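The values are calculated or read from the model by the stated rules, or taken from the named source; none is laboratory data. Model, not experiment: these values are computed from the prediction. Cβ sites come from the backbone with ideal geometry, for glycine too, and all protein chains shown count toward neighbours.
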Amino acid sequence: MIRHSVILASLLAFACGPIYKPDRPPERVLLPDGFVGWTCLDYGVEGAPALPRDGEYVVVRYPADGHLLTSSVLSGTYGLRDVYYYSGDRVVAAPPGFRATGGFTRWREKDPEARMSWFAYFGTDIDASEASKAERDADSDPPPGNVRPSRRLMP
C-alpha cells in the first residue's frame, strides 16, 4: 500500500512539474545593503531605462527607496530569482533564508506613467509574518521597505 502511495505521489509531482516551469529570464535582484520590505518595479515607463542584462539574467537593481522604474515590459508569469545586497560596487549574496516571500502584479490602466507594477516583499519568513495587515492589503500599494542597519552585511 505504501509503495502505491509513493508511486502515485511521484506521478502526480511529475505531471504537475511543468506547471511551474519558468517562462521568463531569471532575475538577479540587487537590494541596498540591509534592505527589508516591499519593493515596487514599474514596467513600461516611457523614457525610463531598460533593465540591463548580465548573461542570461535580467538585473533588477533597486534604489534605497525600493521603487524602480523601467521601460522594459514584463513577459511571462514566472521566473527564477537570485537575491543580493549591494553597497557601492560591492555585491554579496543575501543571507540564508532571505528571499522574495510574497508578491503581486497590479495593472495600471489609468496611470499615465506605468503600464503595470510588480510588488515583492523581500525578507525572511519571519520578516514577512511581522509585516502589518496594511502592507498586505491588495486594495492599496504596500509601503516601501527600508534599510535596517542591524541587517547590513557590508561595512
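Below is a table of values for the structure above.
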read-out	value
Condition broken by Val92, with the remaining ones in (1) within 28 Å of Ser129 (Cα to Cα); (2) hydrophobic (A, V, I, L, M, F, W, C); (3) touching a Gly at 6+ places or on another chain (Cβ under 7 Å); (4) surrounded by fewer than 17 Cβ atoms within 10 Å (Cβ to Cβ) satisfied	(3)
Among the residues listed as Leu80, Leu51, Leu41, the single one being among the aliphatic types (A, V, I, L, M) and modelled with pLDDT of 95 or more	Leu51
Members of region 51-64 that are under 19 Å from Trp38 (Cα atoms) and out of contact with any strand residue (DSSP E or B) (no Cβ under 6 Å at 6 or more places or on another chain)	Pro63
Residue list for region 51-73, restricted to those being under 15 Å from the mean Cα position of the chain (by Cα) and outside any loop (DSSP other than H, G, I, E, B)	Tyr57, Val58, Val59, Val60, Arg61, His67, Leu68, Leu69
Neighbours by Cβ (under 6 Å, 6+ apart or cross-chain): first from region 140-155, within 21 Å of Thr105 (Cα to Cα); second at pLDDT 90 or above and part of a loop (DSSP other than H, G, I, E, B)	Pro144/Asp65; Pro144/Gly66; Gly145/Gly66
Options Arg115, Arg136, Arg108: the member that is within 19 Å of Gly37 (Cα to Cα) and at pLDDT below 90	Arg136
Flag if Ala131 is surrounded by 15 or more Cβ atoms within 10 Å (Cβ to Cβ) and at pLDDT below 90	yes
Residue check for Val73: surrounded by 18 or more Cβ atoms within 10 Å (Cβ to Cβ) and hydrophobic (A, V, I, L, M, F, W, C)	no
